[in-house]
1. Between a first residue in the range 144-169 that is in contact (Cβ under 8 Å) with a residue 60 or more places away in the chain and basic (Lys, Arg) and a second residue that is assigned to a loop (DSSP other than H, G, I, E, B) and open to solvent by less than 50 Å² (accessible area, probe 1.4 Å), which pairs have beta carbons less than 9 Å apart while being 6 or more apart in sequence or on different chains?
2. What about residue 76, is it within 22 Å of the chain's Cα centre (by Cα) and open to solvent by less than 50 Å² (accessible area, probe 1.4 Å)?
3. Among what's in the range 131-153 and is open to solvent by 10 Å² or more (accessible area, probe 1.4 Å) and closer than 13 Å to residue 114 by Cα, pick the residue that is modelled with the highest pLDDT.
4. Considering only the range 275-292, how many residues are touching a helix residue (DSSP H, G or I) at 6+ places or on another chain (Cβ under 8 Å) and modelled with pLDDT under 95?
5. For the range 62-99, name all the residues that are closer than 18 Å to residue 160 by Cα, in a strand (DSSP E or B) and of a type outside the set (S, T, N, Q).
6. Sort out for me the helices (runs of 4 or more DSSP H) sitting completely within the range 154-265 that have 2 or more residues that are farther than 30 Å from residue 292 by Cα and open to solvent by less than 40 Å² (accessible area, probe 1.4 Å).
7. Scan the range 36-47 residue by residue and report those that are more than 18 Å from the chain's Cα centre (by Cα) and of a type outside the set (A, V, I, L, M).
8. In the range 99-110, is there at least one residue being within 18 Å of the chain's Cα centre (by Cα) and in contact (Cβ under 8 Å) with a residue 60 or more places away in the chain?
Amino acid sequence: MAGMDDLCIAMDVGGTRTRVALVDRAGNVVLREGGGTQALAGSDEALERIATFIDSLLTRTGERRVVGIGASLAGPVDPVTGTLYAPPNLPGWDGFSPGASLEPRFGLPVWAANDATLGAVGEHAYGAGRGLDNMVYLTVSTGIGGGVIADGEPLTGARGYAAELGHMVIDRNGPPCSCGSRGCLESLASGTSTARFAREGLARGEGRLLAEIAGGDPSKVTSALVMDAAVRGDPLAAGIMHRFVEDLGLGLANLMHIFDPDLIVLGGGVSRSFDDYADALLAATRRQTMANLRDKVNVTATALGDDAPLLGAARLAFQRAERGA
């Protein structure tokens, strides 16, 4: 029987960091654990670290019931089995299934889904998308991922691979993408691609101010530094940010045409600078959107920050526990 004092274990396994938390039904993080994923060490070692985090959290629940474990995983996840398939940022983790190890160890059910899908679930339940039936969550960071809430439910598709929004092709003659295609949104508007375009410009002798900000070391250039340099008037950085806004705006216009959402929520590292490019992005999106949808374009930054997938995993656990699934 569901209780308002119930807790769940929520975990977010990313390519760089793993976070595990006790979360209540209102979406409040009660306690946290976490550390580096150490992806190259393999999934078995990662599971041992995760189990240690869970052990620590379970000793501090008091009398409150824990209903289960929700897992956010960085890659395509089978919606039925919770198995991770060929994750690009977790090499060697193909076939990883947290439930197979954690369920017998802790006697708790485990449910898993893709991190960007759960980012959408988190924002819908506890963040910027509360009260809306149709929204898109786009996480723009190292890569670009996406999640879609359609008529109040997460869109998973036939095999759990729906909403790979970063791999919509917006320029078939564009740069190669990690997925094997060319000109994907991810290859043009992710934080990684923005930094790459900047390093290419520095190699041509451009971007004096950007070079100064990076301390003369092109390897230290990040999308955040590019944004900083653009705001301060560096021509190279400003040009890159103009291209970023136009490409991302085209991607968002495509999302408007495909999903007709009430809201598009931007998450990931690039969203931290949203205020610096919001007006330009809205203008670029509206310019490339059909006239009847132009005034319906509504884009905002995440309300939950990096916790969106974690809280989405919590929501998944509570919903599945209630359904007995």
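1. 159/76; 159/78; 159/79
2. It is true that residue 76 is within 22 Å of the chain's Cα centre (by Cα) and open to solvent by less than 50 Å² (accessible area, probe 1.4 Å).
3. For the range 131-153, the residue satisfying everything is 139.
4. Final tally of qualifying residues: 2.
5. 70, 71, 73, 77, 84
6. 191-203, 208-213, 223-231, 235-259
7. Matches in the range 36-47: 38, 42, 43, 44, 45.
8. no
The values are calculated or read from the model by the stated rules, or taken from the named source; none is laboratory data. Everything quoted here is computed from the prediction, not taken from an experiment. No Cβ is skipped: glycine too gets one built from the backbone with ideal geometry, and neighbour counts run over all protein chains shown. Heads up: the accessible areas ignore ligands, DNA and RNA and are worked out on the full protein's heavy atoms, side chains in. Shrake-Rupley method; radii C 1.70, N 1.55, O 1.52, S 1.80 Å.
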